[in-house]
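Presented below is the structure to which this report refers.
The values are calculated or read from the model by the stated rules, or taken from the named source; none is laboratory data. From a predicted model like this one, the values you see are computed outputs, not experimental measurements. In this analysis, Cβ positions are derived from the backbone assuming ideal geometry, glycine residues included, and neighbour counts consider all displayed protein chains. Surface accessibility is based on the protein's heavy atoms, side chains included, excluding ligands, DNA and RNA. Shrake-Rupley method; radii C 1.70, N 1.55, O 1.52, S 1.80 Å.
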Amino acid sequence: MANVIITGSSRGIGFELVKLFAAEGHKVLALSRNSDPVSELELPNVTSLSFDIAKPSDNETRNASITKTFRTVDILINNAGRLVFKPFAETTVEDFQEVYDVNVLGVIKLLKTVLPLMSQNGHVVNISSMGGVQGSVKFAGLSAYSSSKGALITLTELLAEEYKETGPSFNVLALGAVQTEMLAEAFPGYKAPVTAVEMANYIKGFALTGQQLYNGKLLQVSNSTP
């Protein structure tokens with residue numbers, strides 16, 4: 001059984017991932033700004049921690065909780081994300097900072113803590129977006145979000161190169177549209193072709209076995225564009 005850390009676990013794909021991993025008996029540390037949804041599940045092999053990935057004052061609490069829960073980490077799924085949907089002319093520098101604090105810098109901060117606990121066979125799965133993939137259709141209003149997801153893709157490739165001799169493996173999944181609360185908030189009325197449960201099932205399987213065949217790879221997980 002694997003020791004798994006999942007960020008952005010209070011809703012959407014992250015919430016479904018917690019339930020799927022726990023149902024198979026894996027030990028899960030669920031990190032999110034609101035720990036209540038996971039805590040209310042009362043799953044014996046799941047620890048839920050309220051933690052704002054963009055808040056420096058929360059870093060010490062997070063680090064202590066990780067090392068207290070796990071001596072080793074097998075899988076890290078960086079799923080937490082922030083989306084701002086505005087025309088570029090209306091998107092402030094502060095908006096960009098908030099998005100990058102979660103989607104890029106938050107991942108970096110967590111990796112600094114978790115990587116020393118991961119073995120050669122460990123697997124870091126970063127969740128990106130088709131909006132961050134070169135050549136994919138881009139949508140107006142997502143300049144902060146999509147550019148941050150492009151940065152996450154490049155970061156994944158660089159880390160895979162740096163750690164290729166010692167592990168863990170690093171891969172990044174660029175997701176298409178998935179019916180989540182975040183999507184509904186940004187695009188009211190839009191119906192995505194994939195549910196959060198369906199995507200979580202795919203991510204779970206990939207997180208458990210994908211490192212056997214892939215390292216430093218971007219996989220586009222989409223039956224539509226985005």
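Which number do you get for Rg(Cα) / (2.2 N^0.38 Å) in the range 86-226?
1.08
Among L41, V104, V73, flag the residue with its Cα farthest along the positive direction of the charge dipole of the range 1-154, charges on Cβ as +1 for Lys/Arg and -1 for Asp/Glu.
My answer, from the dipole projection, is V73.
With an 8 Å cut-off on Cα pairs and a minimum separation of 6 or more residues, tell me the relative contact order of the chain in percent.
In percent, rounded to a whole number, it is 21.
With every protein chain present, what accessible area does L49 have (1.4 Å probe, heavy atoms only), rounded to the nearest 10 Å²?
Ignoring ligands and nucleic acids, L49 comes out at about 30 Å².
Which order do S50, S129 take when ranked by solvent-accessible area (1.4 Å probe, heavy atoms of all protein chains), largest first?
Values: S50 60, S129 15 Å².
From most exposed to least exposed: S50, S129.
As I understand it, the value is the acute angle between the Cα axis of helix 59-69 and the longest principal axis of the Cα atoms of the chain; what does it come to in degrees, rounded to 10?
That helix lies at roughly 40 degrees to the long axis.
Please give the charge dipole size of the range 125-226, origin at the Cα centre, charges +1 on K and R Cβ atoms and -1 on D and E Cβ atoms. Round to the nearest 20 debye.
Computed charge dipole of the range 125-226: roughly 220 debye.
Using the crude model of +1 on Lys and Arg Cβ and -1 on Asp and Glu Cβ, and no other charge, please compute the dipole size for the chain relative to its Cα centre, in debye to 20.
Using only the charged Cβ atoms, the result is roughly 280 debye.
As I understand it, the dipole of the chain uses +1 on the Cβ of Lys and Arg and -1 on the Cβ of Asp and Glu, about the Cα centre. Which of G167, S147, V194 lies farthest toward its positive end?
Of the options given, the answer is G167.
Report, in whole Å, the centroid distance computed from the Cα atoms of the range 69-132 and the range 29-55.
Computed from Cα coordinates, the inter-centre distance equals 17 Å.
Percent of accessible area on the chain owned by carbon and sulfur, 1.4 Å probe?
53
Give the accessible surface of the chain per residue, rounded to a whole number of Å², with probe radius 1.4 Å and ligands, DNA and RNA excluded.
Ligands and nucleic acids excluded, the result is 47 Å² per residue.
Determine the alpha carbon to alpha carbon distance for each of K138/K204; K68/K191; K86/K109; K27/K55 and list only those over 29 Å.
Listed pairs above 29 Å: K68/K191.
Excluding V93 itself, what net charge comes from residues whose Cβ is under 13 Å from its Cβ, given Lys and Arg +1 and Asp and Glu -1? Kindly include the intermediate steps, with their values, before the conclusion.
Working: positive: K86; negative: E90, E94, D95, E98, D101.
Neighbourhood net charge equals -4.
Net charge within 11 Å of A2 by Cβ-Cβ distance, Lys/Arg positive one each and Asp/Glu negative one each, not counting A2 itself?
Numbers: positive: K27, K204; negative: E24, D74.
Net charge around A2: 0.
Where does the chain land at 222 nm, in deg cm²/dmol rounded to the nearest 500, when only DSSP H runs of n ≥ 4 count, each adding -39500 (n - 2.57), divided by all residues?
Rounded to the nearest 500, the figure is -11000 deg cm²/dmol.
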